[in-house]
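Below: one structure, written as structure tokens.
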Amino acid sequence: MLSFANAKINLGLLVTEKRDDGYHNIETVFYPIKLYDVVEITASDSFSFRSDGLFIPQGGANLCEKAWQLLSADFELNPVRIHLLKNIPIGAGLGGGSSDAAHVLILLNQLNGLNLTTAQLEDYAAKLGADCPFFIENTPAFASGTGTTFAPIALDLSKYRIIIIKPDIHISTAEAYQHITPQIPTIDIQRVIRLPIQEWKYHLTNDFELGLFREYPLIEKIKHKLYEKGALYASMSGSGSAVFGIFEHEEIDLTDLQEIGNIYYPVEL
Ligand SMILES: C[C@](O)(CO)[C@H](O)COP(=O)(O)OP(=O)(O)OC[C@H]1O[C@@H](n2ccc(N)nc2=O)[C@H](O)[C@@H]1O
Ligand SMILES: Nc1ncnc2c1ncn2[C@@H]1O[C@H](COP(=O)(O)OP(=O)(O)OP(=O)(O)O)[C@@H](O)[C@H]1O
């Protein structure tokens, strides 16, 4: 079985509170984008995992393996071979690893006839990472709590062009949170999202930008460049370092940005 594990962007991201468990409460809008990893699961004699494509820096077991381990602790799973083709940049704030893991949970649920509900799959996903549950439903959503409580939102950006620039900067999510001072929200993201996109730049902020722009001026430069090129809205995604721009027109000359980072054009498969 083959699954295309998509990335996400964050439209606005407010870090509102540090919790006693060390995590932070946030408010954000998750929006799925058409940039994919490929996850393939096939029946096998024993469990194995292999990845190709982009190099994944060691950080313990791969999230795909962790997803398998999590479910096999509770269920008798048929042994499988998981093959990941990694394409979504890492340490980018695009949720690629989380999406891989969520897609493995969904595939294992189907392959083993576990009949887990969306809510149950989201609970398992939350054990793998705060970004992971979003990818179970995978539809635009306002998220609160640690990013795992959702309210669906009606938002369709399909007529716009989304462009992602990923500089050669790897940001650890844990480290990014350590350097942030939570603030009581001064904007209502759900309300702002209903305004015309051209107005988002006056209201919608990502709280990670301030500190990370100071540390990595290149990320801020990319954001400015995207506005210069005519983006209606541009922002860093999640805890960075990828920056996205939402454009109205199809033809955008990004030649000078090629030296600054890798450029991704999400497309329908
Ligand atoms: C920045 C976002 O990408 C926005 O969507 C997410 O909040 C990050 O989600 P994620 O990468 O899945 O994060 P996790 O793997 O769960 O956590 C990594 C580390 O980030 C910090 N963390 C994460 C999420 C959160 N709401 N508060 C936190 O403080 C914790 O120190 C945690 O140990
Ligand atoms: N399938 C995977 N894809 C990407 N990273 C993975 C995967 N499995 C484990 N990891 C580990 O997770 C780290 C990336 O986590 P981090 O939260 O910093 O990146 P991100 O790209 O912002 O988000 P995400 O982990 O959701 O893709 C990698 O450095 C790697 O060690």
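Can you pull out the residues in the stretch 1-55 that are in contact with a Leu (Cβ under 9 Å, 6 or more places away or on another chain), more than 30 Å from His203 (Cα to Cα) and of a type in the set (Phe, Trp, Tyr)?
Correct list: Phe4, Phe47, Phe49.
Looking for whichever is under 22 Å from Pro32 (Cβ atoms) and more than 16 Å from ligand 1 (Cβ to nearest atom) here; the options are Glu220, Glu268. Which one fits?
Glu268 is the lone residue from the list that is under 22 Å from Pro32 (Cβ atoms) and more than 16 Å from ligand 1 (Cβ to nearest atom).
Just one of (1) surrounded by fewer than 19 Cβ atoms within 10 Å (Cβ to Cβ); (2) within 13 Å of ligand 2 (Cβ to nearest atom); (3) over 28 Å from Val192 (Cβ atoms); (4) of a type outside the set (A, V, I, L, M) trips up Lys127, so point out which.
So the condition that Lys127 fails would be (2).
Out of Gly93, Gly22, Gly12, report the one residue that is assigned to a strand (DSSP E or B) and at positive phi.
Details: Gly93 fails: assigned to a strand (DSSP E or B); Gly22 fails: assigned to a strand (DSSP E or B).
Of the residues listed, the single one that is assigned to a strand (DSSP E or B) and at positive phi is Gly12.
Going by what's in this entry, would Val39 be described as part of a strand (DSSP E or B), in contact with a helix residue (DSSP H, G or I) (Cβ under 7 Å, 6 or more places away or on another chain) and at pLDDT 95 or above?
Working: part of a strand (DSSP E or B): yes; in contact with a helix residue (DSSP H, G or I) (Cβ under 7 Å, 6 or more places away or on another chain): yes; at pLDDT 95 or above: yes.
Taking the combined requirement at face value, the residue satisfies it.
For the stretch 15-54, which residues satisfy the criterion of being among the β-branched types (Val, Ile, Thr) and either within 16 Å of ligand 1 (Cβ to nearest atom) or farther than 24 Å from Leu2 by Cα (or both)?
Within the stretch 15-54, Val15, Thr16, Ile26, Thr28, Val29, Ile33 meet the criteria.
Test of understanding: among Phe208, Phe213, Phe244, which residue is over 21 Å from Ala143 (Cβ atoms) and modelled with pLDDT of 95 or more?
Testing whether each residue is over 21 Å from Ala143 (Cβ atoms) and modelled with pLDDT of 95 or more leaves just Phe213.
Failed condition for Ser144, given (1) under 30 Å from Glu76 (Cβ atoms); (2) within 13 Å of ligand 1 (Cβ to nearest atom); (3) of a type in the set (S, T, N, Q), with all others met?
(1)
Tally the residues that are among the acidic types (Asp, Glu) and in contact with a strand residue (DSSP E or B) (Cβ under 9 Å, 6 or more places away or on another chain), restricting the search to the stretch 7-44.
Matching residues across the stretch 7-44 total 4.
I'd like to know if the stretch 216-234 contains one or more residues that are modelled with pLDDT of 95 or more, of a type in the set (Gly, Ala, Ser) and within 17 Å of Ala92 (Cα to Cα).
Among the residues of the stretch 216-234, at least one is modelled with pLDDT of 95 or more, of a type in the set (Gly, Ala, Ser) and within 17 Å of Ala92 (Cα to Cα), which makes the answer yes.
Being away from ligand 2 (no atom under 11 Å from the Cβ), within 20 Å of the chain's Cα centre (by Cα) and not assigned by TED's automatic domain parsing to the domain that holds Gln178 narrows it down to one of Glu17, Glu27, Glu76, so name that one.
One residue alone meets the criteria, Glu27.
If we scan the stretch 191-203, do we find a residue that is within 15 Å of ligand 1 (Cβ to nearest atom) and at pLDDT 95 or above?
Within the stretch 191-203 (the criterion being within 15 Å of ligand 1 (Cβ to nearest atom) and at pLDDT 95 or above), the answer is no, since none of the residues qualifies.
Contact list please: Cβ distance under 6 Å, first residue in the stretch 80-108 and under 11 Å from Ala5 (Cβ atoms) and of a type in the set (A, V, I, L, M), second residue modelled with pLDDT under 95 and away from ligand 1 (no atom under 15 Å from the Cβ), pairs at least six apart or on different chains.
If the second residue must be modelled with pLDDT under 95 and away from ligand 1 (no atom under 15 Å from the Cβ), the pairs left are Leu107/Met1.
Test each condition in (1) within 14 Å of ligand 1 (Cβ to nearest atom); (2) at pLDDT 95 or above; (3) not small (Gly, Ala, Ser) for Ile162 and report the one that comes out false.
The one condition Ile162 does not meet is (1).
The values are calculated or read from the model by the stated rules, or taken from the named source; none is laboratory data. Bear in mind the structure is a predicted one, so any value in this text is a computation, not a measurement. Please note: Cβ atoms are built from the backbone with ideal geometry, for glycine as well, and neighbour counts cover all protein chains shown.
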